[in-house]
1. Find the helices (runs of 4 or more DSSP H) located wholly in the stretch 64-135 whose residues include 1 or more that are closer than 19 Å to His33 by Cβ and touching a strand residue (DSSP E or B) at 6+ places or on another chain (Cβ under 9 Å), and list them.
2. Could you grab me the full set of residues in the stretch 13-23 that are surrounded by fewer than 24 Cβ atoms within 10 Å (Cβ to Cβ) and hydrophobic (A, V, I, L, M, F, W, C)?
3. In the stretch 49-78, which residues are touching a residue at least 60 places away in the same chain (Cβ under 8 Å) and among the hydrophobic types (A, V, I, L, M, F, W, C)?
4. Only one of these conditions is not met by Val11: (1) under 17 Å from the mean Cα position of the chain (by Cα); (2) modelled with pLDDT under 95. Which number is it?
5. Would you say Leu12 is touching a residue at least 24 places away in the same chain (Cβ under 8 Å), in contact with a Phe, Trp or Tyr (Cβ under 6 Å, 6 or more places away or on another chain) and outside any loop (DSSP other than H, G, I, E, B)?
6. Output the residue which, of all residues in the stretch 104-119 that are among the basic types (Lys, Arg) and touching a residue at least 12 places away in the same chain (Cβ under 8 Å), is nearest to Glu72 (Cα to Cα).
7. Does any residue of the stretch 24-38 turn out to be of a type in the set (Val, Ile, Thr), free of Cβ contacts under 8 Å to residues at least 12 places away in the same chain and assigned to a helix (DSSP H, G or I)?
8. Residue under question is Val36, and the condition is that it be touching a His at 6+ places or on another chain (Cβ under 6 Å), modelled with pLDDT of 90 or more and within 23 Å of Leu152 (Cα to Cα); does it hold?
Amino acid sequence: MSDRPTDQMNVLVIDDDADVRRLIVEIITRKEHMAVEVSSAEEGLELLPYWTFQVAFIDQQLPGMEGLLLGEYLRRNNPDMMIALVTGQPDQQLKRRTRDLSIRFIPKPFKLQAIHEVLDDYVADAAEREHRRQRKEDEDYAPPIAQFVEELTPCFDMAGVPSRLEERLVQVIKRSLNDLRSVSRYTERDRVIALSGLLTARVLGVSLPRSETGGTYFEEYDRLMRSHGRRTEFEEG
């Protein structure tokens, strides 16, 4: 048993076979992790705005969507997640595809140790990432906003923001961006205010007008940051 409550993980289990789901869930819970089980990829996708999963066990033959397609989506949106494709389809091409995506391949019928290894390896990898963070060697020392900015609105799901708040938000963002356009008026204060306003708009689901250059305010912010030699926040790469 771990004496650190932070070691507990949220684990997603997707399989349309209830017996297989129950077995994997039992293994997970015996290791004192939280297991969330669903029977389809669609149900799994519905959970993502409300849960952060560290590990996912996904059956390949799912109704509506292949498990590997879901795994590819999860990998793209969460590089640190440990993903395992659990399948009774012993296909070499499938194995190569999982390897290319850094997804574990677990053939059915599987041994309990195969599930244990995935869970234990994630804990070990997480500990190594923590060591890098403490040494400030982590590439995400500054929060990787661009990678997850599209998820802010569905995560908070705050519909019906009063119009006066929307107007105030737009005014503040517009004024800050205007000052950031000028070399002489540029300040780090306006940079922080503009970024805070833009993230707030994402959280609240506020639809912002176009900037004077015809692009979005998010594009305008990144353009201005490039011009001032600062980090962009809304575009990856």
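1. 67-77, 112-134
2. If the condition is that a residue be surrounded by fewer than 24 Cβ atoms within 10 Å (Cβ to Cβ) and hydrophobic (A, V, I, L, M, F, W, C), then Ala18, Val20, Leu23 are the ones that fit.
3. Quick first cut of the stretch 49-78, residues touching a residue at least 60 places away in the same chain (Cβ under 8 Å) only: 49-50, 54-55, 57, 77.
Those that are touching a residue at least 60 places away in the same chain (Cβ under 8 Å) and among the hydrophobic types (A, V, I, L, M, F, W, C): Val55, Phe57.
4. (2)
5. In short, yes.
6. Arg104
7. yes
8. On the way: touching a His at 6+ places or on another chain (Cβ under 6 Å): no; modelled with pLDDT of 90 or more: yes; within 23 Å of Leu152 (Cα to Cα): yes.
Considered against the rule, which asks whether it is touching a His at 6+ places or on another chain (Cβ under 6 Å), modelled with pLDDT of 90 or more and within 23 Å of Leu152 (Cα to Cα), Val36 comes out as no.
The values are calculated or read from the model by the stated rules, or taken from the named source; none is laboratory data. Worth saying up front: this structure is predicted, and the values here are computed from it rather than measured. Cβ coordinates were reconstructed from backbone atoms using ideal geometry, including for glycine residues, and neighbour counts include every protein chain displayed.
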